[in-house]
1. Of all residues in segment 148-172, how many are under 16 Å from the mean Cα position of the chain (by Cα) and part of a strand (DSSP E or B)?
2. Considering only residues of segment 374-395 that are assigned to a strand (DSSP E or B) and touching a residue at least 40 places away in the same chain (Cβ under 8 Å), which is surrounded by the fewest Cβ atoms within 10 Å (Cβ to Cβ)?
3. Which fully enclosed strands (runs of 3 or more DSSP E) of segment 396-453 have 3 or more residues being touching a residue at least 12 places away in the same chain (Cβ under 8 Å) and under 30 Å from Val212 (Cα atoms)?
4. Listed residues Ala513, Ala493, Ala488; which is touching a residue at least 12 places away in the same chain (Cβ under 8 Å), of a type in the set (Gly, Ala, Ser) and either part of a helix (DSSP H, G or I) or surrounded by fewer than 24 Cβ atoms within 10 Å (Cβ to Cβ) (or both)?
5. Considering only segment 180-199, I want to know if a residue exists there that is outside any strand (DSSP E or B), more than 30 Å from Phe463 (Cα to Cα) and of a type in the set (A, V, I, L, M, F, W, C).
6. Tell me, which residue of segment 516-531 that is β-branched (Val, Ile, Thr) and assigned to a strand (DSSP E or B) is nearest to Val465 (Cα to Cα)?
7. Are there any pairs, at least 6 apart or on different chains, whose C-beta atoms fall under 8 Å, with the first in segment 139-151 and farther than 17 Å from Leu106 by Cβ and the second among the aromatic types (Phe, Trp, Tyr) and outside any loop (DSSP other than H, G, I, E, B), and if so, which?
Amino acid sequence: MRYSEAFIPTLKEDPAEAEVISHKLMMRAGCIRKLTAGVYTYLPYGLAAIRRVERIVREEMNRAGAIELMMPMVQPADLWRESGRYIKYGPELLRFTDRHERESCLGPTHEEVITDLIRKELHSYRDLPVNLYQIQTKFRDEIRPRFGLMRGREFLMKDGYSFDADDAGAEITYWKMHEAYKRIFSRCGLRFRAVQADSGTIGGNFSHEFMVLAKTGEDTIVACAACEYAANVEKAAIAAPTPAQPGTALCETVETPGKKKVADVCAFLGIEASELVKTMIYLADGKPVAVLVRGDREVELVKVKNMLKAVDIVPATDDEAFAATRMPPGYLGPVGLPIVICADQEVMAMAECVVGANEKNSHLRHVVPGRDFQVDANRIGDLRRVAATDRCPRCGGALEMTEGIEVGHIFKLGTGYSEAMKANFQDADGQERPFVMGCYGIGVSRVVAACIEQNHDEHGMVFPVPLAPYQVIILNLGVQDEKITACAEELYAELQQAGIDVLLDDRDERPGAKFKDADLLGVPFRLTIGKTFLTKGLVELRARRSGESVEVAPESLVTLLCQRIEAAMPE
């Protein structure tokens, strides 16, 4: 492509609305333009990078045995009612009514549509397994769309769905997709980790998120330095502690006038926060529940939600806590508490602890879990947020916390959707059984934004070769000079013939403007044809990432670039 004929409207300054680096650079480099909140037009340069991602995704999905199809974006509300998600999904589901008063929604995901298709088309175990995918526009009505393509309302997504006859088959398919995703993100040239994650509104009982590692990531990842264990901080498992020998001292009441906060109670009683147990009140689907954690720990609500199998869980206000317990907030404790109690495993392993006395200005000392208060066994588990001092639950190694951007998510869905929507097949014995499903998503447009978050410097984007819209940019610094222009045109033709995507900057612009635009666009390799060519007959080859420059004879450039590009393409 000739720059003079391309549509790459660059900007000199960062847009005021852009907060994160990918949003700033994609706007400045002419990749995207905002239409309305959370909705963007993909301009040619940005679309070219997206197409690179699509190609890699298709190749690896096809290689793994998945088959591409395309489903409608508009979905009937009746399907979502069948699955039970029409109300449960929340306000992010954009609902509307057509001229015939039929309720519909814009698809944020396609579990219902694909399940409806399969229940009509597949009827025997002989038809299984089946793995279908699409790359299609999705819409989620985010309340606060921000960060450009990182959290928009309309976005491009690859979503895939598998159907197996049993759990064993679904397990094989799941890990096949896990490996395919690892290949996809490796081929994109990204640094990433696959982490255990919560399944959220999609459902299911097991899932992994694929996180691109970047300082600007919204999610915190916990990763082991010694093995491959990694998890979203909300899902990070904590090894069960060794139970301490129970204390023998009798429980006693102590006055703690006006001391409600952990730090104040500990300072007053001369104890460490690890010796105190907090009693936190939440509303799980509207019903009060107490959660116990050590004073130096924080409750992980996702873990509590999963333990209770709740749809929604929120902290109770002081008034709601008092209404549920008839006891003063700030002094609550598990001894005699008249509501359901959930306890972190660490609490139940303590020798003794200090807790609220359920009386104003009072706490209890020498409280022994299991002796002075009881918790049902199915209400005891890993309920706290992982801390930097915790060890890997798999190998005991040190844990590291880093930021990440979710670009992919795979789920074991089980039979939740197939049972709700009566999607069944006949097994080998002629019995009706529900399909066992899996779900596999990649935020295709988000991959490009995440790539830029991970690959940039103060001058602009630094595209990895596999995702770069152009692999080489030729700067003609003498458009009025016949020799320079002839060399530029010859190299342009030779590179195209060699199958290299090349951008020829043939604009009648100052050299400084061309250098700035080349750096902003992040093209991996830059060829500069100017005075050095006239005096020495050499062309400068510069690598965008390293900044390394060499002067090369024009006749050697195509071979050298082919070698460098091939070396930069992950297998």
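Laboratory data are not the source of any read-out in this text; all were calculated from the coordinates shown. Note that this is a predicted model, so its numbers are computed, not measured. All Cβ positions, even for glycine, are placed from backbone atoms using ideal geometry, and neighbour counts span all protein chains on display.
1. 6
2. Per the stated criteria, the residue is Arg391.
3. On the way: elements: 399-414, 424-426, 432-434, 436-443.
In segment 396-453, the matching strands (runs of 3 or more DSSP E) lie at 399-414, 436-443.
4. Going through Ala513, Ala493, Ala488 in turn, the sole match is Ala488.
5. No, segment 180-199 contains no residue that is outside any strand (DSSP E or B), more than 30 Å from Phe463 (Cα to Cα) and of a type in the set (A, V, I, L, M, F, W, C).
6. So, considering only residues that are β-branched (Val, Ile, Thr) and assigned to a strand (DSSP E or B), the one nearest to Val465 (Cα to Cα) is Thr528.
7. That search, which allows pairs on different chains as well, returns Gly148/Tyr40; Leu149/Tyr40; Leu149/Phe155.
The rows are residues; the columns are (1) farther than 22 Å from Val447 by Cα; (2) touching a Leu at 6+ places or on another chain (Cβ under 6 Å); (3) polar (S, T, N, Q).
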{"residue": "Met70", "(1), (2), (3)": "no, no, no"}
{"residue": "Val74", "(1), (2), (3)": "yes, no, no"}
{"residue": "Thr115", "(1), (2), (3)": "yes, no, yes"}
{"residue": "Arg119", "(1), (2), (3)": "yes, no, no"}
{"residue": "Leu122", "(1), (2), (3)": "yes, no, no"}
